[in-house]
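The values are calculated or read from the model by the stated rules, or taken from the named source; none is laboratory data. In this text the structure is predicted, and so the values were computed from the model without any measurement. Because the Cβ atoms are built from the backbone with ideal geometry, glycine has one as well, and the counts that use them run over all protein chains shown. When the accessible area is computed, the model is the full protein with side chains, heavy atoms only, and any ligands, DNA or RNA have been set aside. Shrake-Rupley method; radii C 1.70, N 1.55, O 1.52, S 1.80 Å.
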Amino acid sequence: MDIINFRVAPTADALELWVEVPDGPNYEGITIDKIAIQDDKH
């Protein structure tokens, strides 16, 4: 899965992601179950 773009929602209560999921059987039914935020030190 490639993240195309993201932003904090205008209401500041959600993170909006635009993603591209490759075609193929390994990617059917793919979901995001966790998001980790890193800075340049981690």
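Here the condition is being out of contact with any helix residue (DSSP H, G or I) (no Cβ under 7 Å at 6 or more places or on another chain) and either charged (D, E, K, R) or open to solvent by less than 80 Å² (accessible area, probe 1.4 Å) (or both); of P22, P10, it holds for P22 alone. Looking across I37, I30, one residue alone is surrounded by 10 or more Cβ atoms within 10 Å (Cβ to Cβ), part of a loop (DSSP other than H, G, I, E, B) and either of a type outside the set (D, E, K, R) or modelled with pLDDT under 85 (or both). It is I30. In region 1-24, of all residues being part of a loop (DSSP other than H, G, I, E, B) and aliphatic (A, V, I, L, M), the one that is nearest to I37 (Cα to Cα) corresponds to A14.
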